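Read the figures in this text as sums done on the coordinates, not as results from a lab. Values in this document were obtained by computation on a predicted structure and should not be read as measured data. No Cβ is skipped: glycine too gets one built from the backbone with ideal geometry, and neighbour counts run over all protein chains shown.
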Amino acid sequence: MIPGKMHVHEMTRLINPRLIINFPTKRHWRGKSRLDDIKSGLSDLIQVIQNKDIKSIALPPLGTGLGGLDWAIVKQLMQNAFQPLDDVRVVIFEPRGAPSAEKMAKNKKNPGNDPWKSSIDWSDISLS
């Protein structure tokens, strides 16, 4: 996935959601989000909404959690981007409750995620 470009997945079910749209905000999962990627992503998202005739959409607070962007700035960008779309119901979820990345617990020790140990139930295997 490329930041600033939507990845659209069309659902095959007849019930909602009809589409799932991934809005990548980081170039690397450990990196920070960039306002330029949010801006270009919002432009791309508006085109997807218009091309797919989307009438309602819900969005998280893009790039603000672990991405590190200021919610006040991102919120204003999002509101400005959707303002011309009078016929689209837009729900933007505000950030709340999550601790900052610096305050989150960090594992010091590797928990031993050995794919062989976790994918094989050794109790069912006879070695004789």
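Which residues' amide hydrogens lie under 5 Å from the amide hydrogen of I92, considering only partners 5 or more residues apart or on another chain, with H built in the peptide plane?
When sequence neighbours closer than 5 places are left aside, the close amide H contacts are L59.
Please report Rg (one decimal) and Dmax (integer) in Å for the Cα set of the range 7-96.
Cα only, the range 7-96: 13.3, 38 Å (Rg, Dmax).
For the range 31-94, run through the chymotrypsin sites (Phe, Trp or Tyr not before Pro) and keep only the ones in DSSP coil with at most 10 other Cβ atoms within 10 Å of their Cβ.
Details: sites: W71, F82, F93; in loops: F93.
Counting only loop positions with at most 10 other Cβ atoms within 10 Å, the chymotrypsin sites (Phe, Trp or Tyr not before Pro) in the range 31-94 are F93.
Along the charge dipole of the range 24-74, pointing to its positive end and built from +1/-1 on Cβ of Lys, Arg, Asp and Glu, which listed residue (S40, I54, P24) has its Cα farthest out?
Working it through, the farthest residue towards the positive pole turns out to be P24.
Need one number: % antiparallel among DSSP beta bridges in the range 7-96, to the nearest 5.
Working: 4 of 8 bridges.
Bridges in the range 7-96 that DSSP calls antiparallel: roughly 50 percent.
Across the range 74-89, in residue order, what do the Karplus-derived ³J(HN,Hα) couplings come to in whole Hz, using 6.51 cos²θ - 1.76 cosθ + 1.60 with θ = phi - 60° and x for Gly and Pro?
5, 4, 5, 4, 5, 4, 5, 5, 8, 4, x, 8, 5, 8, 10, 7
On a straight-distance basis, which lysines could pair with K103 in a cross-link, Cα separation under 29 angstrom, same-chain partners fewer than 8 positions away excluded?
Filter leaves K26, K32, K39, K75.
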